[in-house]
Amino acid sequence: MKIHPLITSSEELAELCERLARSDFMCVDTEFMRENTYYPLLCLIQIGNEEEAAAIDPLAPNLDLTPLLDLMCENEDVLKIFHAGGQDVEIIYNLTGKTPHPIFDTQIAMMAISQSEQIGYANLVESWLGKVIDKGARFTDWSRRPLTERQIEYAIGDVTYLAKIFPKILKKLVKTGRGAWLNAEMEKLADPANYANDSDLAWHRIRAPGRNPQVLGRLKALAGWRETEAQDKDIPRGRIIRDETLADIASHPPKSQADLAKVRGLSQAWKENDIGKRLMRVLRDAEPLPDDEMPTKAKRGAPLGKEGALVADLLKLLLKIRSREIDVASRLLTKSDELEALAAGVRKLPMLEGWRYEVFGKDALELVEGKLAFAVEKGRLKMTHIDDVANGGAVVHAVEDEPDDDPEYGPEDDSEPDEQPQAEADAAE
């Protein structure tokens with residue numbers, strides 16, 4: 001594989017993108033800083049395929065990223081490969097208002113062919129290629145220039161290894177026939193709605209303090225205002241006000257600006273500075289949350305109660321058994337809140353639709369309806385249908401007793417060997 005020197009000119013970038021546009025796939029990764037800014041600061045972009053790879057310096061003077069952004073967002077013929085690519089996609093969306101498409105995330109794909117819930121990149125490389133990544137440059141300040149050769153080599157490795165691993169993962173997906181399972185997950189990752197910073201929806205990120213329309217109306221207004229303040233100053237929203245402080249003010253609004261100094265999480269300066277004045281103005285103008293915006297109640301049907309909680313626990317045991325049986329991450333099948341909803345009587349759930357129903361949901365429903373039971377035979381935990389027991393005790397599913405730790409699986413024997421930290425502090429004008 002050819003590794004290019006750091007690309008800093010528009011001409012070099014355009015030539016590389018022209019070649020990659022003829023590929024079936026390209027691997028993408030980014031290095032960025034977001035500790036002190038609202039929007040992540042893009043510091044490096046790595047792209048490559050099986051033949052060549054390069055790091056691109058977006059901070060280089062007069063570098064035109066248009067060919068690269070067009071390749072990622074406009075070219076439907078080239079599959080874009082990421083690993084845990086949510087934040088990478090967010091950065092591209094911030095630059096273009098669009099997301100890369102079509103897209104493939106190897107972390108999500110690993111959930112369909114192993115029990116790895118969120119396998120890290122270093123573990124992915126070690127599992128599939130038998131190589132240990134040097135993590136020395138992992139916490140580097142990518143905004144500082146010049147970058148060292150070691151930093152560039154470390155960064156490019158994120159796509160060169162991925163270019164070798166992706167065909168192996170694809171081969172196993174084809175072999176297991178589970179590629180179709182991932183279509184909806186990949187489309188969800190590429191949905192632009194996931195990355196839009198709509199200030200009117202910012203309050204959804206905060207744990208709502210009850211269902212009082214007046215309180216929620218204040219929370220919505222305050223969260224939208226904080227989002228605008230953070231964007232204008234380009235600082236993390238937590239630097240303006242922390243979530244818990246915002247929720248407390250919405251629940252117990254101060255009567256005057258002077259009372260802001262008594263609010264836990266705010267400094268004394270808030271009682272007289274301009275940002276405090278703006279906050280009080282938002283509180284005064286806040287309207288109760290309309291009925292059509294009120295959050296829906298948890299989909300749990302009737303209260304679980306003690307018996308319902310026991311049923312939910314049995315469903316979780318069934319989920320653990322099934323994920324081990326078919327070697328798939330349990331999170332890809334369903335989540336705990338869905339299991340609790342099923343135990344409480346809810347029947348309109350993702351696990352009861354499509355492939356999830358066939359793989360897991362059908363048995364989960366039968367367990368709740370008393371048609372499936374657990375048994376221990378010769379030290380082995382088994383699942384059996386009640387009708388089978390009545391007809392002679394035939395066992396439908398069985399698993400060996402295994403340790404609780406989820407292993408991170410690599411390729412089969414026939415394969416080739418080989419987070420957003422965010423600073424939180426009081427705001428002052």
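Answer yes if at least one residue in the range 5-27 is crowded, with 22+ Cβ neighbours inside 10 Å, touching a Lys or Arg at 6+ places or on another chain (Cβ under 9 Å) and at pLDDT 95 or above, and no otherwise.
Yes; the residues of the range 5-27 include at least one that is crowded, with 22+ Cβ neighbours inside 10 Å, touching a Lys or Arg at 6+ places or on another chain (Cβ under 9 Å) and at pLDDT 95 or above.
For LEU71, work out the one condition from (1) open to solvent by 40 Å² or more (accessible area, probe 1.4 Å); (2) under 29 Å from THR148 (Cβ atoms) it doesn't fulfil.
It fails just one condition, (1).
Does the range 296-316 contain at least one residue that is exposed (fewer than 13 other Cβ atoms within 10 Å of the Cβ) and either more than 30 Å from PHE374 (Cα to Cα) or among the polar types (S, T, N, Q) (or both)?
Taking every residue of the range 296-316 in turn, at least one turns out to be exposed (fewer than 13 other Cβ atoms within 10 Å of the Cβ) and either more than 30 Å from PHE374 (Cα to Cα) or among the polar types (S, T, N, Q) (or both).
Any idea how many residues of the range 216-235 are among the small types (Gly, Ala, Ser) and farther than 13 Å from VAL282 by Cα?
1
Output the residues belonging to the range 240-261 that are over 25 Å from the mean Cα position of the chain (by Cα) and among the β-branched types (Val, Ile, Thr).
Selection gives THR245, ILE249.
For residues that are part of a helix (DSSP H, G or I) and of a type in the set (Gly, Ala, Ser), tally how many sit in the range 324-352.
4
Looking at the range 77-84, can you tell me whether even one residue there is acidic (Asp, Glu), over 25 Å from SER199 (Cβ atoms) and either within 23 Å of the chain's Cα centre (by Cα) or open to solvent by less than 30 Å² (accessible area, probe 1.4 Å) (or both)?
Within the range 77-84 (the criterion being acidic (Asp, Glu), over 25 Å from SER199 (Cβ atoms) and either within 23 Å of the chain's Cα centre (by Cα) or open to solvent by less than 30 Å² (accessible area, probe 1.4 Å) (or both)), the answer is no, since none of the residues qualifies.
Quick one: ILE321 ticks every box in (1) in contact with a helix residue (DSSP H, G or I) (Cβ under 7 Å, 6 or more places away or on another chain); (2) in a helix (DSSP H, G or I) except a single one, so which number is it?
Failed condition: (1).
Inspect all residues belonging to the range 248-256 and state whether any of them is among the acidic types (Asp, Glu) and over 27 Å from GLU35 (Cα atoms).
There is no residue in the range 248-256 that is among the acidic types (Asp, Glu) and over 27 Å from GLU35 (Cα atoms).
From (1) modelled with pLDDT of 95 or more; (2) closer than 30 Å to ASP363 by Cα, pick out the condition that doesn't hold for LEU279.
Result: LEU279 fails condition (2) only.
How many residues are among the small types (Gly, Ala, Ser) and surrounded by 16 or more Cβ atoms within 10 Å (Cβ to Cβ) if we restrict to the range 318-374?
Final tally of qualifying residues: 8.
For the condition charged (D, E, K, R) and closer than 23 Å to LEU95 by Cα, what is the one hit in ASP198, ASP259?
Result of the check over ASP198, ASP259: ASP198.
Among the strands (runs of 3 or more DSSP E) lying completely within the range 13-85, list those that include at least 1 residues that are over 22 Å from LEU189 (Cβ atoms) and among the small types (Gly, Ala, Ser).
The qualifying strands (runs of 3 or more DSSP E) are 52-56.
The values are calculated or read from the model by the stated rules, or taken from the named source; none is laboratory data. Since the structure is predicted, the reported quantities are computational estimates derived from the model, not experimental observations. Neighbour counts run over all protein chains shown; Cβ positions are idealised from the backbone, glycine included. What goes into the accessible areas is simple: the full protein's heavy atoms, side chains included, and nothing from ligands, DNA or RNA. Shrake-Rupley method; radii C 1.70, N 1.55, O 1.52, S 1.80 Å.
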